[in-house]
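This report concerns only the one structure given below.
The values are calculated or read from the model by the stated rules, or taken from the named source; none is laboratory data. Quantities reported herein were computed from a predicted structural model and do not represent experimental measurements. Virtual Cβ from ideal backbone geometry, glycine too; neighbours counted across all protein chains shown. Just so you know, the surface numbers come from the protein's heavy atoms only, side chains and all, with ligands and any DNA or RNA stripped out. Shrake-Rupley method; radii C 1.70, N 1.55, O 1.52, S 1.80 Å.
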Amino acid sequence: MSDSTIVTGQYVQIDQTPASLGARVLGRLIDTVLLLVYCAAVFGLWIAYMQMTGGEQGAFGSFLILSVFYLPALGYTFFWETFNNGQTPGKRFLGMRVVMKNGDRPTVAAYLFRWLFLLIDMHTSYVGILCIALTKNNQRVGDLAAGTLVIKEKDYKKIHVTLDEFSHLNHDYQPVFPQAERLSLAQVDLINRTLTGGDRQTRPERIRQLANEVRRFLGLANNGTADEALLRTLVRDYQHYALEAAV
């Protein structure tokens, strides 16, 4: 099952694939086992410490010690995903990673939302499992609240490279030429090749001729914009519309 399609700078479409329900359940089981081992080890150390000190630290001291040691267990998912680039040990073992729906790395706030909704997802009614099974992109309640996906690791590297190619575009980007949406893939490829290749001596003339052709084709007035600046802006505007259509 594929989610949103992202278009690269070479206009190659890439689909990010959500991790399956089975993989996510198995990943959670692996993390649960590791958590139980950690908690058992901490509890064993606490018992040994109590025996050595005769329990002289009192009830408050015991509570404080247990809180400090068990805090990492309480925030297990949040800490691992935040500081390990979207992966708990279970996710890493199974080749999964948390990303934003558009392929970006999640923010700390997104990881926090996923963690806060974990109690709902792990309720005895198996809300999380039902949500993953019934949603298009295999999202649990925490994913829906945070706008995240758990995807296959093999897709993440390709998506990350794709987003780097579009680093000049952001959510606030406003296209300069709406007519750029009318350009074809072949036409944009020709513009890119004209801007980046060919003989340096003939480059200015080729850019001038192509800019004039593009102005005529799109019905753009010659308002004094430099030919090269016009072509580069049209490519960026085209990328903006391509991304909008793909998401």
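The listed residues are LEU243, LEU218, LEU210, LEU231, and the only one of them that is modelled with pLDDT of 90 or more and under 17 Å from GLN174 (Cα atoms) turns out to be LEU231. Quick check, is TYR156 at pLDDT below 90, open to solvent by less than 40 Å² (accessible area, probe 1.4 Å) and among the hydroxyl-bearing types (Ser, Thr, Tyr)? So TYR156 passes the test. Per this entry, GLY55 is counted among residues that are outside any helix (DSSP H, G or I), open to solvent by less than 50 Å² (accessible area, probe 1.4 Å), at pLDDT below 90 and over 30 Å from VAL235 (Cβ atoms). Which pairs do you get when a residue that is closer than 15 Å to PRO178 by Cα, found in the range 208-220, comes within reach of a residue that is open to solvent by less than 100 Å² (accessible area, probe 1.4 Å) and not in a helix (DSSP H, G or I), reach meaning Cβ atoms under 9 angstrom, with the pair 6+ apart or on two chains? Sorted first by the residue in the range 208-220, then by its partner, the pairs are VAL214/LEU183; VAL214/LEU220; ARG215/ALA221; PHE217/LEU183; LEU218/PHE177; LEU218/LEU183; LEU220/PHE177. Scanning the range 105-127 for residues that are closer than 19 Å to LYS152 by Cα and touching a helix residue (DSSP H, G or I) at 6+ places or on another chain (Cβ under 6 Å) turns up ALA110, TYR111, ARG114. Every residue in the range 85-112 that is within 18 Å of the chain's Cα centre (by Cα), surrounded by 19 or more Cβ atoms within 10 Å (Cβ to Cβ) and in a helix (DSSP H, G or I), please. Hits for the range 85-112 are LYS91, ALA110, TYR111. Among the residues of the range 113-128, the one identified as among the small types (Gly, Ala, Ser) and not in a helix (DSSP H, G or I) is SER125.
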